[in-house]
Amino acid sequence: MKSVPIAKKTNTPSGMRQLPAIETLLESTFLSSAIARYSRPLVTEAARHTLAALRHDIRRNQPIPTLSMDFIAQMIIQHLSEEWAGFAQPVINATGIILHTNLGRAPLSDPALKALNAIGGRYLSLESNLSEGTRGVRTLELRRLLSVACHAEDALAVNNNAAAMLLVLIALAGGKEALISRGELVQIGNGFRIPEILEQSGVILREVGTTNQTSARDYEKCISERTGLIVKVHQSNFVQKGFVSSPSIEELAAIAGKGQLPLVYDMGNGALLDTAHFGLEHEPTVMESLRAGADVVCFSGDKLLGGPQAGIIAGKREFIRLMLNHPLLRVIRLDKLSAIALATTIKSYLDKNAALELPLWQMIRLKKEEIRSRASTIAQQLKTQNIAATIQDGVSLVGGGTLPEQELPTTLICLSPPRAVDKIARRLRLSSPPLVARVEKDAVLIDLRTVFPDQDALLPGIIAAAWAQKD
Ligand SMILES: *Cc1c(COP(=O)(O)O)cnc(C)c1O
């Protein structure tokens, strides 16, 4: 709004007559790009809101700025960008948190985007058997890809992992009890508690052991004719330390086998590559969990798999069949676009190209020296705009509730803003495109690990504009 002179004056009710009509505003060139981006009804609503606020000020004789069309249009655009910033345009993630849940978790790979582009806007053989010319089974090929990648007898994909857990419990527990360790009754995300989701299945959760200690014996003691299955939940987003123990998958599998109960493992992440190969701690892989004796595992498509939002269920054929035949599957089925993106992501793993092709692994693989050289270039460009930037060592996070204590060494651009740091951070978030940075004490920190290299060139301009804003 800085181009508009603020003429402080006291208004008389005649100010009311100076307000333009909504139609005049909407027809003006000032709002045409806002209409292109947000649609006419949303801009109309914002215009009503802004005019009402101005009328309110006029009525109260508040000193208000000029009533030029340009100025009012700017107010409307500001209102829109505060309400809706971000959704319809890419956000630059400079937080260094790779799987940032608020920013859409895993970005899709180029092959996945190409496949979406080629198939998404055309008809596809989703439910037709082309060799027979008859109706086919939806996602049969995807199931095959998933089972081969997971080393599982069979697999299927649904809308997300929470839905996958629900289907597993409803289809396998048969209205009986599910045994779960007290240490695994946890909250995963904002307001998302594992036990509350599981209870939606109608299955009764039978809590086993204590928060920090649960033994194989504790499970055995709880098995009765009412028990339907044993469920293990991966502690994805926190680490328990000290006097802590719980049985391994192998031990649980032995107990489940004795009681002829299915052992279900909610892995959360579901890595198909060993994180230890990338200098991270080892996170259980899908293959090793199945090998260790889990009958069914489920995990997210957009965490350490690096694909679209989805919930993947893999394991023994007899159990997967029960889920395929369950009516709930129709309610939580994966949509066709996610199915295309997931199949392409899985193909990257089968072709042994995942570490190269998927943005998740590309970002994990980035060395702090590569990040440093990009950071120095940006710091140089900022210097020419008289913005001081220093380069310092720091850490990035995998995020998404994965490997909570695991830090990746990185290089940060450290900026000391001219005004309150949270105001500057907000300015950056409301830029176009929005830039989400880290705020620490009085500094704005930029971690280029999660910035796509083709976005680097945008940063100096966005930062300089935020620095120049006066508010
Ligand atoms: C993330 C997570 C979920 C939820 O997965 P969504 O794909 O977000 O539905 C469930 N269980 C565990 C252990 C998780 O980490």
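The values are calculated or read from the model by the stated rules, or taken from the named source; none is laboratory data. All values reported here derive from a predicted model rather than from experimental measurement. Quick reminder, even Gly has a Cβ in these numbers, built from the backbone with ideal geometry, and neighbours come from all protein chains shown. Side chains included, ligands, DNA and RNA excluded: accessible areas come from the protein's heavy atoms. Shrake-Rupley method; radii C 1.70, N 1.55, O 1.52, S 1.80 Å.
Remarks
- Filtered by the rule that a residue be more than 11 Å from the ligand (Cβ to nearest atom), assigned to a strand (DSSP E or B) and aliphatic (A, V, I, L, M), the stretch 182-230 gives ILE204, LEU205, VAL208, LEU229, ILE230.
- Taken across the stretch 445-459, residues that are closer than 20 Å to LEU99 by Cα, without any contact (Cβ under 8 Å) to a residue 24 or more places away in the chain and not in a helix (DSSP H, G or I) do not occur at all.
- Among the residues of the stretch 396-419, those that are in a strand (DSSP E or B), open to solvent by less than 50 Å² (accessible area, probe 1.4 Å) and within 16 Å of the ligand (Cβ to nearest atom) comprise VAL398, GLY399, THR402, LEU403, GLN406.
- Near pairs, Cβ below 9 angstrom, 6+ apart or cross-chain, from the stretch 100-111 (at positive phi) to any residue that is at pLDDT below 90: ARG105/GLY399; ARG105/GLY400
- LYS232 being under 29 Å from the mean Cα position of the chain (by Cα) and at pLDDT below 90: no
- In the stretch 147-162, the residues that are part of a helix (DSSP H, G or I) and away from the ligand (no atom under 15 Å from the Cβ): SER147, VAL148, ALA149, CYS150
- Within the stretch 231-256, restricting attention to residues that are out of contact with any strand residue (DSSP E or B) (no Cβ under 8 Å at 6 or more places or on another chain) and assigned to a helix (DSSP H, G or I), the residue that is farthest from the ligand (Cβ to nearest atom) is ALA254.
- Some residue of the stretch 108-125 being open to solvent by 40 Å² or more (accessible area, probe 1.4 Å), under 26 Å from GLU407 (Cβ atoms) and assigned to a loop (DSSP other than H, G, I, E, B): yes
- Restricted to the stretch 399-438, and to residues there that are among the β-branched types (Val, Ile, Thr) and modelled with pLDDT of 85 or more, the residue that is farthest from GLN385 (Cα to Cα) is THR410.
- Residue among ALA149, ALA162 that is surrounded by 20 or more Cβ atoms within 10 Å (Cβ to Cβ), at pLDDT 90 or above, touching a Phe, Trp or Tyr at 6+ places or on another chain (Cβ under 8 Å) and farther than 21 Å from GLU318 by Cβ: ALA162
- From the options ASP442, ASP447, ASP393, ASP422, residue that is open to solvent by 80 Å² or more (accessible area, probe 1.4 Å) and closer than 30 Å to PRO284 by Cα: ASP393
To keep it simple, each residue is scored yes or no on (1) at pLDDT below 85; (2) open to solvent by less than 50 Å² (accessible area, probe 1.4 Å); (3) in a helix (DSSP H, G or I).
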site: GLN62; (1), (2), (3): yes, no, no
site: THR66; (1), (2), (3): yes, yes, no
site: ILE72; (1), (2), (3): no, yes, yes
site: ILE77; (1), (2), (3): no, no, yes
site: GLU83; (1), (2), (3): no, no, yes
site: GLY86; (1), (2), (3): yes, yes, no
site: GLN89; (1), (2), (3): yes, yes, no
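- Checklist (1) of a type in the set (A, V, I, L, M); (2) open to solvent by less than 50 Å² (accessible area, probe 1.4 Å); (3) modelled with pLDDT under 95 applied to ALA21, failing item: (2)
- Flag if LEU179 is closer than 14 Å to PHE319 by Cα, open to solvent by less than 50 Å² (accessible area, probe 1.4 Å) and in contact with a Leu (Cβ under 9 Å, 6 or more places away or on another chain): no
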